[in-house]
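The structure appears below as structure tokens.
Please treat every number below as a calculation from the coordinates, not as lab data. Computed from a predicted model, the values in this text were never measured in an experiment. Please note: Cβ atoms are built from the backbone with ideal geometry, for glycine as well, and neighbour counts cover all protein chains shown.
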Amino acid sequence: MSTQRYYQRHAQQFFESTVAVDMAEIRERFTALLPAHGAVLDAGCGSGRDAKAFAEQGFQVEAFDASPELAVLASQHSGLPVKVMRFQELDVSARYDGIWCCASLLHVPLPELPEVFRRLAQALKLGGALYASFKYGQGEREDNGRVFTDMREGEIAGILRGIEGAGLRVMQEWISEDRRRERSDRWVNVLVGKMR
């Protein structure tokens with residue numbers, strides 16, 4: 001798996017390039033939908049930057065990442081245990097008030113996304129919220145040893161409509177610029193609710 005190899009080799013570099021990125025504005029949009037001290041899953045937590053921020057806000061935080069190397073760095077940074085796991089292994093029911101998938105679902109192959117969203121829906125409590133971000137574009141591509149699934153406006157909503165019984169609905173969708181100065185990527189962001 002080339003993406004896994006990339007993070008194995010470049011974990012420290014990736015950590016350093018992302019740990020200080022200011023995501024406060026988007027985190028606030030997400031946490032505004034959650035109960036105080038609610039249960040949050042940082043799914044594909046990368047550097048652990050957001051897991052740490054959520055914990056500091058008083059949320060009950062769990063985190064995982066597919067990269068063992070990143071999981072160690074994220075745990076050291078956040079002070080939280082970080083599980084080594086892939087989205088495809090998530091198997092819990094109605095456990096979280098919120099699930100945060102910041103630039104992480106974009107490594108899931110397009111044909112596997114419906115099943116992964118189904119698993120995320122199962123893990124969310126009724127009325128819960130999910131945040132996800134994808135690089136703006138179309139279809140799957142490889143870039144510098146990593147595989148990406150890109151999205152355009154409306155595509156995530158289309159995937160969710162096709163998942164029977166998941167109850168997930170896009171509540172907000174917006175395009176943003178990359179928050180790292182040296183990058184010119186555009187991002188598709190969604191806040192998704194699990195409807196009662």
**Complete:** Taking placed amide H atoms and a strict 5 Å upper bound, the residues 5 or more places from Met171 or on another chain that come that close are Leu191, Val192, Gly193
**Complete:** Bridge orientation stat for the chain from DSSP, antiparallel percent rounded to 5, came to 55
**Asked** Peptides 80-91, 134-145, 102-113, 62-73: what's the order by average Cβ count within 10 Å, highest mean first?
**Response** 62-73, 102-113, 80-91, 134-145
**Request:** Go through 20-28, 38-46, 166-174 and give me the packing order, highest mean Cβ count within 10 Å leading.
**Result:** 38-46, 166-174, 20-28
**Complete:** Taking Lys and Arg as +1 and Asp and Glu as -1, residues besides Asp42 with C-beta under 12 Å from its C-beta add up to +1
**Interchain or long-range residues, amide H under 5 Å from Val108's placed H** = Thr149
**Request:** Quick one: what are the phi-derived ³J(HN,Hα) couplings along region 22-36, Karplus 6.51/-1.76/1.60 with θ = phi - 60°, whole Hz, x for glycine and proline?
**Result:** 7, 10, 4, 4, 6, 4, 5, 4, 6, 5, 4, 8, 10, x, 4
**Asked** Separation of region 1-67 and region 126-196 by C-alpha centroid, Å?
**Response** 16
**Asked** Dividing the Cα convex hull volume of region 109-156 by residue count, how many Å³ per residue is that?
**Response** 91
**Fill in**
Amide H neighbours of Gln60 at under 5 Å, excluding residues fewer than 5 places away on the same chain, with H built from the backbone geometry, are Gly38, Ala39, Val40
**Request:** Can you tell me the relative contact order of region 87-196? Whole percent, Cα pairs under 8 Å, sequence separation 6 or more.
**Result:** 29
**Request:** Could you name the lysines whose alpha carbon sits less than 20 Å from that of Lys194, not counting residues in the same chain fewer than 8 places away?
**Result:** Lys125
**Complete:** Sorted on mean Cβ neighbours within 10 Å (highest first), peptides 116-122, 11-17 come out as 116-122, 11-17
**Cα gyration tensor, region 76-167 - rounded (a/c under 1.5), prolate or oblate** = oblate
**Request:** List, in order, the whole-Hz ³J(HN,Hα) value for each residue of region 95-101 obtained from phi through the Karplus relation with A = 6.51, B = -1.76, C = 1.60 and θ = phi - 60°; use x for Gly and Pro.
**Result:** 9, 10, 7, x, 10, 10, 10
**Complete:** Percent antiparallel among DSSP beta bridges confined to region 81-159, nearest 5, equals 45
**Prompt:** If you take the C-alpha gyration tensor of region 1-81, multiply each eigenvalue by 5 and take the square root, what semi-axes do you get, largest first, in whole Å?
**Reply:** 24, 12, 11
**Prompt:** How would you classify region 44-104 from its alpha-carbon gyration tensor, with a ≥ b ≥ c the square roots of the eigenvalues: rounded for a/c under 1.5, else prolate if a/b is greater than b/c, otherwise oblate?
**Reply:** oblate
**Complete:** Computed from the beta carbon distance with a Förster radius of 22 Å, FRET efficiency for Lys125 and Gln172 to the nearest 0.05 stands at 0.70
**Item:** Relative contact order %, the chain, counting alpha carbon pairs below 8 Å whose residues are six or more apart
**Value:** 19
**Message:** Using the basic label-point model (7 angstrom from Cα toward the beta carbon), what is the Gln60 to Arg186 distance in nanometres?
**Reply:** 4.1
